[in-house]
Structure formats: C-alpha cells, structure tokens
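Structure, as structure tokens:
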Amino acid sequence: MKAVQSIHPATYLFAARALRDFGDGFVAILLPVYLLALGFSPLQVGVIATASLSGSALLTIAIGFLGARRDLRGLLLAAAGLMVASGVAMSIVNDYALLLVVAFAGTINPSAGSVSVFVPLEHAVLTREVASAERTRMFARYSLAGALASAFGALAAALPDFMTTFGFGQLTAIKLMFVVYAFLGLAGAVLYARMPPRITRGEPAKAALGPSRAIVFKLAALFSLDAFAGGFVVQSLLALWLFEQFNLSLAEAGVFFFWSGVLSAFSFPVAAWLSKRVGLINTMVFTHIPSSIALMLAAFAPTLPLALALLLIRAALSQMDVPTRSSYVMAVVTEAERAAAASFTSVPRSLAAAVSPALAGALFAASFRAWPFLICAALKITYDVLLLLQFRHHKPPEEY
C-alpha cells in the first residue's frame with residue numbers, strides 16, 4: 001500500500017489519459033469507415049458525430065455542478081465505466097437509431113481530442129497538485145502523453161485491414177476494436193481507483209462559480225466559437241475527406257494520423273517553453289493563425305502529398321493552444337472554482353462543436369468538400385483576433 005501511495009496522483013492521470021486517447025485515436029478513424037460499411041451516408045456520419053459531442057456537452061454540464069461537491073476520483077471512475085459501456089454497445093449495435101443513442105449517451109469521441117467528460121475532472125485534479133509556476137508545464141506533459149497515445153492509436157486503426165488477411169470480415173474486425181476500446185476504459189478505471197480520494201473535511205458546499213463568473217463566461221463564449229469552427233474538421237470528418245477525396249486506405253490514414261499526432265504531441269512542450277517567453281495568450285493566438293492558413297490551403301491542394309504536407313503543418317501548430325488554454329483558465333479563477341471553470345469553458349466548446357459536424361456532413365454529401373475547411377479556418381482566425389483583443393492585458397499571476 002505504501003508503494004501505491006508514493007506514486008504522484010498525476011502519474012495515474014497521465015496513464016489513464018494515454019489509454020483513453022489511444023482508444024480515441026483509432027475510434028475517430030474507424031468510426032466513419034464503420035458507419036459507411038453499415039450503409040450510412042456522409043450526412044449520417046456527421047449526425048453521429050454531432051450526437052456524440054452533444055452528449056459529451058450535457059455530461060460536462062453535470063460534472064460542472066458535481067465537481068465542487070463530490071470526490072473527483074469517484075466521478076472519474078463513473079466516466080470510465082461509461083467508456084466501457086460505450087465500447088461494448090458499439091460492438092453489438094448496427095441500427096442507426098440505436099447508434100445515435102450510444103453516441104449521445106456514451107464517450108465515443110469523433111475528434112480524438114480533449115473533448116470529453118474526463119477533461120474538466122482531470123484538469124481540476126492536476127491543478128491542485130502543482131504550483132502556479134509549474135502549471136503550464138504540467139498541462140503540456142499531460143497533453144503530450146495523450147497526443148502520443150492518440151498517434152499510436154491512429155496506427156492501430158490499420159489493424160482491421162490486417163485482420164482481414166486472417167479471415168475476419170472488415171465489420172467484425174472493427175467491432176473487435178470497439179471491444180478493445182471497452183477494455184481500455186476498464187484499465188483506466190483501475191488507474192483512477194489507485195488515486196487517493198479528496199478529503200473534504202466537512203466543508204460546506206460551495207457555489208460552482210463565484211468571483212470569476214464574468215471572465216469564465218467571456219472565455220466560454222470565445223471558446224465556443226473556436227470549437228464550432230473545429231467541429232467542421234473533427235478527425236472523423238477529416239478522415240472521411242481523405243477517404244473520399246484521395247481514396248486513402250485505412251493503413252495509409254493510420255500512418256498519416258500517427259505523424260499528425262506526433263507533431264501535435266511535441267508541440268505541447270514547445271508551447272510551454274514559448275508561453276514563458278511571450279505569455280499564454282500570445283502563444284495561443286500566434287501559433288493558431290498560421291495553422292488555419294495551412295488548413296485553407298489544404299482544401300485546394302491538387303495532389304495528396306501536398307494536402308498531407310499542409311495538414312501536417314497544421315498539426316504541428318494547431319494544438320499549441322491546448323495546454324496554454326487549460327493553464328490560462330485554471331490561472332484566472334480561484335481554487336474552489338477550478339472544476340466548475342473547466343466544465344463551464346468545456347461545455348460551450350462541446351455544444352458548439354456538436355453542431356458543425358452535421359453541417360460538414362451535409363456539405364460533403366452535396367460535394368462541397370472544401371467548404372468545411374474554409375469555414376473552419378475563417379472562424380478560427382476570427383476567434384484568435386477576438387481573444388487577443390479581449391485578454392491580452394488580463395495576465396495569469398506568473399506573468400506579472
């Protein structure tokens with residue numbers, strides 16, 4: 001027991017995040033292939049993605065109210081149980097209406113990113129474990145662990161093609177991958193169970209948000225614009241675009257998303273280093289805008305190599321705002337508000353991101369395949385400009 005208690009709680013969170021993102025990495029690529037193989041249209045794929053993100057948003061709202069009053073470890077265990085149920089259900093359900101229910105109520109993540117019910121809980125736990133000066137570096141390591149695992153998960157998306165050489169049908173092979181996803185959720189639950197519970201010492205229940213309400217709501221509004229934009233190019237839809245535009249195979253897509261994930265992963269420690277020199281807000285904005293320009297150019301790329309090169313440039317830059325954004329939110333609120341702030345800034349992101357995949361699916365179905373990329377890039381640049389104008393003078397404590 002002493003050996004277990006000597007391990008830093010963040011270690012368990014990092015490991016659980018890595019397992020979860022490994023699963024998200026292959027699910028985001030396999031989801032459109034699975035749905036198309038079942039006979040559904042690109043529009044229906046987009047609607048499934050919308051249902052998934054909408055359900056995540058509602059769960060995150062609940063977490064925002066519960067996080068200030070409940071043991072965070074218990075909530076993380078419940079979320080891991082939901083991940084197990086989601087994987088099992090996806091492996092046995094073929095009916096579209098039931099798939100919508102599973103997507104809405106479960107943890108299937110079409111974005112392979114930090115949009116899930118786990119995120120606000122883990123952010124709150126991580127923040128209370130470190131001093132302000134180390135917070136951004138901690139979030140960078142946390143994001144690095146998840147992104148590297150997601151990259152290897154993308155490689156694992158090629159396993160169904162490999163399994164067909166041993167006599168498995170493609171649908172059966174993909175269903176088995178959803179079973180693997182369920183086992184990853186079970187392993188995550190084991191890790192969460194090893195974390196020490198939060199001791200409340202009989203403290204009275206506190207309001208979810210208090211003195212920081214105004215800034216949290218303003219950040220939430222801006223983050224919702226960014227998420228709405230990103231929803232046009234969630235990883236499942238980007239994979240769908242590559243499959244339909246360039247006839248990419250599962251194995252080729254897995255290799256591309258692996259390197260995309262690796263570039264994103266190693267951008268996180270760079271973001272932490274850069275933020276100490278130019279500040280969190282400047283790091284978020286001035287890395288985001290070039291990534292949006294690369295996405296615009298990729299929409300018109302005439303060849304696959306050029307499209308992939310531009311998308312890899314985007315991958316190297318577009319996620320540098322992830323640890324810096326998380327660190328900034330945790331820095332500008334009080335300790336008692338952190339779980340709620342993480343939730344209330346995540347909820348609009350999930351709600352806004354939930355709308356756009358269905359719109360992108362409709363554009364794909366209508367053969368306007370470049371439009372989701374262009375809309376995403378234009379809205380993200382707008383978000384970056386607004387964020388800089390609104391918050392360039394509102395600095396976290398370590399920048400004063």
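Every number in this text was worked out from the coordinates using simple rules, so none of it is lab data. Values in this document were obtained by computation on a predicted structure and should not be read as measured data. Note that each Cβ is placed from the backbone with ideal geometry, even for glycine, and that neighbours are counted across all protein chains shown.
Nothing charged except the Cβ atoms of Lys and Arg (+1) and of Asp and Glu (-1): what's the magnitude of the dipole of the chain about its Cα centre? Round to the nearest 20 debye.
Numbers: 27 positive and 18 negative charges, 210 e Å.
It works out to roughly 1000 debye.
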Among 209-219, 37-47, how do they line up from the highest to the lowest mean number of other beta-carbon atoms within 10 Å? 37-47, 209-219
Please give the FRET efficiency for H393 paired with L38, using the beta carbon to beta carbon distance and R0 = 60 Å, rounded to the nearest 0.05. 0.70
Rounded Å value of the spacing that divides the Cα centres of the range 329-400 and the range 20-34: 22
So what's the gap between the Cα centers of the range 82-159 and the range 210-233, to the nearest angstrom? 20
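For a footprinting-style exposure proxy, rank D321, D71, D384 by other Cβ within 10 Å, fewest first. Show your work: numbers first, answer last.
Working: D321 27, D71 16, D384 23.
In increasing order of surrounding Cβ atoms, one gets D71, D384, D321.
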Under a GNM of the chain (C-alpha, springs under 10 Å), which listed residue has the highest mean-square fluctuation: G169, G231, G279? G169
Normalising by the residue count of the chain, find the relative contact order in percent from Cα pairs under 8 Å and 6+ residues apart. 30
Extended-chain gain in nm, criterion 0.36 nm per residue less alpha-carbon gap, V278 and V179: 31.2 nm
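Roughly speaking, what is the stretch gain from T382 to K218, that is 0.36 nm per residue apart minus the C-alpha to C-alpha distance, in nm to one decimal? Before the final figure, lay out the partial values.
Working: separation 164, 0.36 × 164 = 59.04 nm, distance 1.52 nm.
Length gained between T382 and K218: 57.5 nm.
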Is the shape of the chain rounded, prolate or oblate, going by the alpha carbon gyration tensor and its root eigenvalues a ≥ b ≥ c, with a/c under 1.5 for rounded and a/b larger than b/c for prolate? oblate
